[in-house]
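Enquirer: Mind having a look at this structure? Questions to follow.
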């Protein structure tokens, strides 16, 4: 059961436990969740996507009374709607809870109750939920975020806990390697 009263903070869709967004406190911004997506530390702000503020109690700074922003950059309403649609179309959704079947539980989690239920509903922190999503995300889903002109790796890390700026291994198709090298590449065995 998802919360139908929360219109934009996708992580609330998966909590399965609140009756209104007044109890959803992660974004630390306001008493309602109608207009910020994937944000942290905002106050009295709306229509924000991947934005970082100075904190719930701050009456100044980046996250205070701002609107129409993506990665803390001012955008037009048309651009805001475009980014919001792009993320929705690519199913960028964070799940704070996940059912885990009994046989896939850690030994310490395999209690009698879990056995009777056939598993457990695990609850994740916001950062762990992001990490779970990121580890299972397709390249297209990741790129829908990373390729935004407004993307800021530092803000993304502060919000999600994921450091995309220092990736040791970059996944590329053969066509992408050829394009970057500016020549045709043939793969041979060593």
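The values are calculated or read from the model by the stated rules, or taken from the named source; none is laboratory data. Remember, predicted model here, so these are calculated numbers, not experimental data. With ideal geometry, Cβ positions are generated from the backbone for all residues, glycine too; neighbour counts draw on all protein chains shown.
Enquirer: Taking segment 90-102 only, how many residues are without any contact (Cβ under 8 Å) to a residue 24 or more places away in the chain and either within 14 Å of the chain's Cα centre (by Cα) or assigned to a helix (DSSP H, G or I) (or both)?
Expert: Final tally of qualifying residues: 1.
Enquirer: Then there is this: For segment 134-154, state whether one or more residues are assigned to a helix (DSSP H, G or I), in contact with a strand residue (DSSP E or B) (Cβ under 8 Å, 6 or more places away or on another chain), modelled with pLDDT under 95 and closer than 25 Å to residue 72 by Cα.
Expert: No, every residue in segment 134-154 fails to be assigned to a helix (DSSP H, G or I), in contact with a strand residue (DSSP E or B) (Cβ under 8 Å, 6 or more places away or on another chain), modelled with pLDDT under 95 and closer than 25 Å to residue 72 by Cα.
Enquirer: In a helix (DSSP H, G or I), without any contact (Cβ under 8 Å) to a residue 12 or more places away in the chain and surrounded by 14 or more Cβ atoms within 10 Å (Cβ to Cβ): which single residue out of 179, 157 fits that description?
Expert: None of the other options fit; the residue is 157.
Enquirer: To continue, here is another question. Given the structure, is residue 87 crowded, with 16+ Cβ neighbours inside 10 Å, in contact with a helix residue (DSSP H, G or I) (Cβ under 9 Å, 6 or more places away or on another chain) and outside any helix (DSSP H, G or I)?
Expert: In short, no.
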